Structures are given as structure tokens and as C-alpha cells.
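What follows is one structure encoded as C-alpha cells, with my remarks underneath.
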Amino acid sequence: ATVFLERLFKTANSNGTICTVIPQNWLFLTTYKKYREKLLKNESWNFVARLGSGAFSQISGEVVKAILISLSHQKPIAEHSLVGLDVAEAPNTAAKEEALKTREIKTVNQKAQLGNPDARIIIEGPVIALHLLSKYADAYQGISPADFPKFGRNFWEIIEIDNSWWLWQSTVKETKYFGGKELILWYSELQKKIKDEGTAYIRGTEGWGKDGISVSAMSYLPVTISKGQSNDTNAAVIIPKDKTFLLPIWCFCTSTFYNEEVRKIDQTLKVTNASLTKVPFDLEYWQNVANEKYPNGLPKPYSDDPTQWLFHGHPIKTDNPLQVALARILGYRWPAEVEAKVEAASSGLNSNNAAGSSDYVTSSGLNSNNAAGSSDYDTLAPEAKELIEAVKAFDHLSDEDGIFCIPSVNAEQAGAERLREYLQQVFGNEWNSQTILQLLQKVEAASSSLEDYLRNEFFVQHCKVFQNRPFIWHIWDGRKDGFSVLVNYHKLDKDNLSKLIYTYLGDWIRLCEAKKKAGESGADGLLSAALKLKVNLEAILQGEDPYDIFVRWKPLAQQPIGWEADLNDGVRLNIRPFVQAGVLRNKFNVKWGVDRGKNPPGSHWGEVRDNDKHLSLEEKREGE
């Protein structure tokens, strides 16, 4: 687009005028700084009208944001002024057309635009003569692995976050103290990619291990507190040059003024990290605001949200008590709990036992040289630590095998009874006859009983809460009164899948056979559904096409044969055989298809980066 603008100047006569509609990004992006300076020094700017998105009736969406601009091909005099108006907020083409005729015109000195940060074009008026935020803080871009399906995960997809994985701060939809803490980065594999291909970039290392402010670079720039982890590419981080600046900068960034000032100099859909500190900042004013609002400083890390790695794991203190309680019964623990356990163990280590110390660092992911990978249990709020300690008292009620049958089989209680007893113990004196109903209402369940909720609604809500990457899978035989089981995916290895088929489901089949023999009504249907489920699960256990696991980035020799799920490959790929077999209680939003990744060298499935490919057992064994 800017090349086209240059061609217009070459075809224009001296003192002639050009007028065009053109994308707006070059008015703000740092990479166009020299080009803006050239035009401001050598061409006379007449007007700039910001049209924003929706300026064209034939083009929908928010991506295309344009300006209407007019420049004369002559050197400007020192007093030359340009005029501008902004109709970007008008909702459609007709409204923008009308606004262009009636909106207030603003006049600014063209030469003064050279004094703006990076010579950006600011038609709202000159930048106030204050120090810029860049004097007090730096902004760093996050890591872009270029192949998110391979390197990015939600933390709950991995059973334990060791030094192979780094916590990866992401975006928030609204400003909050602690949010965007659900992603992890497969850093050990990313390092291999960088070494072999050089196609990924590790950015923002200067901010690792330092408190800062993570800015979601879209929309109105919501922010959250960063505790020194690495950021993803959609969330830049502002790191104060002095720790005492953190509070006033936080107050500034959480105010409406911050978004307004940034948007004056950068109207791109995704704001660049370079723009985030090129705004005027009155340190003294915001220090006064901070002293009044936060006399005791910012709050310490805490979250009641089970999708955040800071979550304490207690079922009472969360908006999703039934999800958390079931996860705990099935043996799942949150990262903050695991770190607490490791830290407690490490405190008893002999200081002369170097080997013991090394084990602590490796298992916890708290390597002091790897601040990007640490969630810093020791910085958690006291109430979070108290809840972590309190919920440990009920760990003995958790399953060893992570298999939770909803009907009573294998001499175990029915699932609803097990869940009820667990909740009674956790709630203690707070338990009453209305607690179950209140919990169901809290999660907006349509069911009036725990059994109905487990059979019909739990998995739907689980997929929604955990962003379509469920770690508890609801396997059933297709009947609402049939065999139904919740399994902890982290524990579902080949042995436990066999146990599910031949012990739990096997016992259910024997019960159905006994009912059929006794002539009970409906027994035939129950038995038929259970036997069909057994066939499907055996097919997954064997792993023949189309019930195989296919991992795009692994060579043929490393492809799983049968049910040999590698948790590091993530839920999306490992759940595919169960989706394919139709044994999950509900459908959810999971897709495979083609992505931006890269196939391994020598892969015989070609250059198409298709994750929905199937390989036969024969093909896989040929690659061994």
C-alpha cells in the first residue's frame, strides 16, 4: 500500500495533490518511522480522515481499517497545518459518510508531528509535554513459537509441569489482578526447533523473573499482573525500570486514560509492544493515586478459577465446585498444590545433600535460573496457601486408578454416592440438606440430582470450563441408564484402559447377563449397548486405523502403536480415537485438519500438515 502511495507521488506534478484511501497502519507502526519522517519533511499534508473498520460495504470484519488522506507534492512551510477527523466509531458506511460531513475538524501543526513518539501521526492534538512512560518502563514482546499446536498447551493437559514446560502468560478479556494464566510452553522441544531450524523466536527474556504488567494487545488493552513468567505473542509485558514504579504504572494502565493515550498513537487491531510505553506518563500524579488506592501494595497472587495455574484446588472456594471436586476424586492436582508439596519436601532436605536439592529443582520446575517457568508458590497469598493445606486432608478419598463409574460396579459405590460423601466431608459443619441443590444451582445445572448431573451435564460443562481440552473424559455406552464412567485422562494408560474394559465394564456386562437370564425387562438392550462399547474400547486399545493416535510432528518410528498416549502431545490429538469411536458422552469443539506446523523430516505423508491423518498398525510397525 505504501509503495502505491509512492507511485502516486511520482506521477503527480510538482505542487499537485494526491488523494487516496489506504490502510492506516503505516501512520503508527514503528517500522514506518523513517517513511513518516520523510513525508512530514518533504510533502504538504492536507487532511487525514480515519475511517476505521466497516468503511466498505463489500468488506466485513474488523481487519481492514482505512484512512482517507490527501497530500500535496510540495515542501511544507514551517507553519503548515494539517486537518484531521475521526469517523472510525461510526458503525457503517452510511454513518461514516454522514460523519465525514458533520464531525468536528481538528487542526495540528505538521512540523510538530515530528516531535511525537516515532513521528506518529496524532490528529487528536500534540502529545502533552510530559515524560513518556518509556522513561520509567520497558515493554517486551512475547514468545511466538510459530507452531502452537505442537508447542502450546493448557496446563491441565500435562500431569506435572517439569522443566520441559514453561508457564506462559496469555491474554485476559478484562482487566483483573491475576488472569491469563492457563497456557504452558513446551520449551525443551522449542529449543530443539530453534537449534535445528531457527524458525522460532524467544522474545522478552529481559522481563523474566521480574514483576510487571501484562497487556493484552487487542481491544481496549486489558491488563493483569505478571510475576515474571514468559508471555505469549498476544500479551506484551511492561517491566518497570525500578520496582517502586510498579504501583503507579499499574494504576495508570488500569485507568481509561491508558487505552485512550495508546490509541492516539496506534489504532492497529493488535497494538505493538513499541507503542505501549510511547505515551505521556505523570509519575507524581499516579504515585498519589497508588498511595491512596493501594496503601499496602498490590495483592499477592490468588485465584479461585480452576483454569488458572494459581488455583488453590479447594472445591468450596470456586465458581465450579462440582468440577473441582470430581477432578480431585479422580486424582488431579493443580500446579500450585504440586509446588506446595515439593517445597514442603525440600524444606526437610539436608543442605549438604546436593543430589536432593537437584531433585527438588527438577521436579518442581522452580529452577532459579528459569524464572520464566516458575509459578512461585512462595509468593502466593496466605489465604491461597491455607486452602492448599486444608484440602489435603481429603486426599485419601481420591482414586488410585482415576476411574469413576457412575453406576455401581466392581463392588464400588455408585458415583453420585461417592461424590456426595466427598462433598459432605469437605463442607464439614457447613453441610446441610440443601447443599447439593445449592451446588447444582451454582453451576446452573438443569438436573435436580447428582446422578442426573453426572450422567447428563458434567462433561458438557467440563468441556466448556476447560476450553474444549477436557482432562476428565466421560465414556458411555449410549444409554442414559447404561454403563457410564468418568476417567482421569492423565491416568488412562494401556493398563488402566484394559482395567476399564475387562474389570469395570466386564463386571457391568456380567450384571446385564444376569438380568437377561432372570428375564428382566430391558436387559437385552443394556447388554447389547455394553458389548458394543467393549468392542469400541478394544479397538482403541489395539489402535488400528481409524482408532489410532496420529501425531503430525513425530516421525513414523515414534508414532504410538495402540493406546500408548504421550501426555505431552496434548488432549487434542490423544482424544481423537475416542471421538472417532463415538464413545464420549457429548460432542465438543475439537478439530484436527491442517495447521501451521511442520512435518518431521522424511515423513512419508508429504508436505500437507494434516492432523486428521490415519496410519495403520502395519505402516507404523514398518517404521520401527
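Express the relative contact order of the stretch 152-272 as a whole percentage, based on alpha carbon pairs under 8 Å and six or more residues apart in sequence.
Dividing the mean separation by the residue count of the stretch 152-272 yields 24 percent.
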The stretch 87-181 -> Rg/Rh from Cα coords, Kirkwood Rh, value 1.16
3J(HN,Hα) from dihedral phi, the stretch 165-174, Karplus parametrisation 6.51/-1.76/1.60, rounded to Hz, x for glycine, proline: 10, 10, 5, 9, 4, 10, 7, 10, 7, 8
So if I average 1/r over every pair of distinct C-alpha atoms in the stretch 1-105 and take the inverse, what Kirkwood radius in Å does that give? 14.6
Of the accessible area of the stretch 75-231, computed with a 1.4 Å probe and all protein chains kept, carbon and sulfur make up a percent value of 51
Taking protein heavy atoms only, a 1.4 Å probe, and rounding to whole percent, the accessible area of the stretch 367-471 owed to carbon and sulfur comes out at 44
Which far-off residues, 5 or more places away or on another chain, put their amide H under 5 Å from the one on ASP138, with H placed in the peptide plane? ILE239, LYS241
Would you tell me the accessible area of GLU383, worked out with a 1.4 angstrom probe on the heavy atoms of the protein chains, in Å² to the nearest 10? 90
Ignoring solvent entirely, what values of log10 I(q)/I(0) come out of the Debye formula for the stretch 378-446 at 0.24 Å⁻¹ when each Cα is a single scatterer? -1.16
Tilt of helix 335-347 relative to the longest C-alpha principal axis of the chain, in degrees (0 to 90, nearest 10)? 80
Rounded accessible area per residue of the stretch 166-314, 1.4 Å, Å²: 41
Probe of 1.4 angstrom, ligands and nucleic acids ignored: what's the accessible area per residue over the stretch 1-62, in square angstrom? 55
How would ARG469, ARG596 line up by accessible area, probe 1.4 Å, largest first? ARG596, ARG469
Ordering LYS75, LYS554, LYS517, LYS106 by accessible area with a probe of 1.4 Å, largest first, what comes out? LYS517, LYS75, LYS106, LYS554
Using only the heavy atoms of the protein chains and a 1.4 Å probe, how would HIS312, HIS490 rank by accessible area, largest first? HIS490, HIS312
What value does the stretch 241-317 have for Rg/Rh, both radii from Cα atoms and Rh as Kirkwood defines it? 1.08
Round to a whole number: what % of the accessible area of the stretch 524-624 belongs to carbon and sulfur, probe 1.4 Å? 46
Could you give me the percent of Cα pairs per 5 Å distance bin for the stretch 515-624, shortest bin first, beginning at zero and ending with the bin that holds the maximum distance? 2, 11, 19, 20, 17, 10, 7, 5, 4, 3, 2, 1, 0
Considering every pair of different Cα atoms, what Kirkwood radius, in Å, is found for the stretch 432-533? 15.4
So what does GLU189 come to for accessible area, using a 1.4 Å probe and Å² rounded to 10? 40
Can you give the accessible area of LYS491, probe radius 1.4 Å, in Å² rounded to 10? 50
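222 nm [θ] for the chain, helices only, -39500 (n - 2.57) per DSSP H run of 4+, per residue, to 500?
After summing the helix terms and dividing by the residues of the chain, the value is -9500 deg cm²/dmol.
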Per residue, how much accessible surface does the stretch 485-624 expose to a 1.4 Å probe? Answer in Å², no decimals. 47
Relative contact order of the chain, please, whole-number percent, based on alpha carbon pairs below 8 angstrom and at least 6 residues apart. 10
Using only alpha carbon positions, build the gyration tensor of the chain, then give the equivalent ellipsoid semi-axes as the square roots of 5 times its eigenvalues, largest first, whole angstrom. 54, 30, 25
Surrounding net charge for LYS33, when Lys and Arg each add one and Asp and Glu each subtract one, Cβ distance under 15 Å: +3
When we measure straight from the Cα of LYS210, which lysines land under 24 angstrom away, once same-chain ones fewer than 8 places off are left out? LYS135, LYS173, LYS176, LYS181, LYS227, LYS241, LYS243, LYS278, LYS293, LYS300, LYS385
Using only Cα atoms and rounding to the nearest 10 degrees, what angle (0 to 90) does helix 283-293 make with the longest principal axis of the chain? 40
Measure nothing but the geometry: give the 0 to 90° angle between the long axis through the Cα atoms of 93-102 and the longest principal axis through the Cα atoms of the chain, rounded to 10°. 30
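The values are calculated or read from the model by the stated rules, or taken from the named source; none is laboratory data. Quick caveat: nothing in here was measured; it's all calculated off a predicted structure. Using ideal geometry, Cβ is built from the backbone for each residue, glycine included, and neighbour counts are taken over all protein chains shown. Just so you know, the surface numbers come from the protein's heavy atoms only, side chains and all, with ligands and any DNA or RNA stripped out. Shrake-Rupley method; radii C 1.70, N 1.55, O 1.52, S 1.80 Å.
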